[in-house]
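Colleague: Sharing a structure, written as structure tokens. Questions coming.
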Amino acid sequence: MSLEAPFPDLDELVTAIGDAGSRLSDIGATEGAAGNISVCLGWPVDARRKFPLEEQIELPHPVPGLASCTLLVTGSGRRLREIRIDPIANLGVLKIEPGGKTAILYTSPRRLFTRLTSELNSHLAIHEDQFLNSGTNFNTFVHAQPLYLTYLSHIKTYQDFYYLNRHLLRWQPEAIVNLPEGIGVVPFLVPGSDDLMAHTKEMLRHHRLVVWSKHGVVSRSDQSVKRATDRIEYAETAAHYEYMDLVNHSAAQGLTEDEIRQICVSLGINQSIF
């Protein structure tokens, strides 16, 4: 799915990233400087009025499929909850150069970071993969560390795709509606590593939300950064229900598989989990 003109302008996108960071903080998914956000645009953007400083940087790996694209990216070590307060100080703008090996980084004189997010390799890989394979001209990528989802990912049984999804998607009708393909699961891999990047890229071809076991979650959307954040909130709410049920000795039934299938038939949702 591609966005059509008129495209959202830089002010709208910066505000949306700030709102997303604030909401993730509200639900306890961004302790300290945890979490990062990026937005990739396939149309021309002039960032120099807000981000007048520029420098050429080498990218962690080539992304020729993003040549001439522009990315808004959070700075490493920045608190997502503070983006809304001063977005220009906490964000950088990347213009990918031909060949995809280098980019021009635009920043503000108020810049509060020395480099972009340490997960930049995954951000770039996911954006390129989505642009090349889905035909989109817009993609958002969010990493957060919601408390209950991350806790459950430390339990071996919840590292299994079907076990995780059948237990989490049973708590609210909204869960299967918003995550019909289920929540993908990546085993624990070193944060920022090429292995994590490769596994995440493959998993996000089939799921819009993926658990990084023992680390948090990542989410994507080709509609808005808030949609990507919403998916994290839906899944975290389900994980909170699941945690409460574990504490209460699994006393609750949740929606039955038949009830979930009825919801899907009624709303025309195609799913293969239940």
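The values are calculated or read from the model by the stated rules, or taken from the named source; none is laboratory data. Predicted model only: the values in this text are computed from it and were never measured. So basically every Cβ, Gly included, is an ideal-geometry build from the backbone, and we count neighbours across all protein chains shown.
Colleague: Quick one: how many residues across the stretch 1-25 are within 20 Å of residue 75 (Cα to Cα) and free of Cβ contacts under 8 Å to residues at least 40 places away in the same chain?
Modeller: 2
Colleague: Let me ask another. Here are some conditions: (1) touching a residue at least 24 places away in the same chain (Cβ under 8 Å); (2) surrounded by fewer than 16 Cβ atoms within 10 Å (Cβ to Cβ); (3) out of contact with any Lys or Arg (no Cβ under 9 Å at 6 or more places or on another chain). Residue 53 meets all but one. Which one does it not meet?
Modeller: Just one mismatch for residue 53, condition (3).
Colleague: Does any residue in the stretch 189-203 that is polar (S, T, N, Q) come within less than 9 Å, Cβ to Cβ, of a residue that is part of a helix (DSSP H, G or I) six or more places away or on a different chain, and which pairs are these?
Modeller: So the pair list comes out as 193/121; 200/122; 200/125; 200/126.
Colleague: Yes or no: residue 74 crowded, with 22+ Cβ neighbours inside 10 Å and of a type in the set (Ser, Thr, Tyr)? Break it down into steps so the answer makes sense when it comes.
Modeller: Values: crowded, with 22+ Cβ neighbours inside 10 Å: yes; of a type in the set (Ser, Thr, Tyr): yes.
It is true that residue 74 is crowded, with 22+ Cβ neighbours inside 10 Å and of a type in the set (Ser, Thr, Tyr).
Colleague: Next up: What about residue 253, is it outside any helix (DSSP H, G or I), under 19 Å from the mean Cα position of the chain (by Cα), farther than 18 Å from residue 145 by Cα and of a type outside the set (A, V, I, L, M, F, W, C)? Step through it out loud before you land on a result.
Modeller: Details: outside any helix (DSSP H, G or I): yes; under 19 Å from the mean Cα position of the chain (by Cα): no; farther than 18 Å from residue 145 by Cα: yes; of a type outside the set (A, V, I, L, M, F, W, C): yes.
Judged against the criteria, residue 253 is not a match.
Colleague: Let me ask another. Report yes if some residue within the stretch 170-178 is modelled with pLDDT of 95 or more and within 21 Å of residue 30 (Cβ to Cβ); otherwise report no.
Modeller: At the first step, the residues of the stretch 170-178 found to be modelled with pLDDT of 95 or more are 170-178.
Of the ones still in play, those that are also within 21 Å of residue 30 (Cβ to Cβ) are 178.
Yes.
Colleague: May I pose another question? Could you list all residues from the stretch 130-153 that are out of contact with any helix residue (DSSP H, G or I) (no Cβ under 7 Å at 6 or more places or on another chain), crowded, with 16+ Cβ neighbours inside 10 Å and in a loop (DSSP other than H, G, I, E, B)?
Modeller: 137, 145
Colleague: Give the residues of the stretch 108-129 that are surrounded by fewer than 23 Cβ atoms within 10 Å (Cβ to Cβ) and polar (S, T, N, Q), sorted by residue number.
Modeller: Within the stretch 108-129, 108, 114, 118, 121 meet the criteria.
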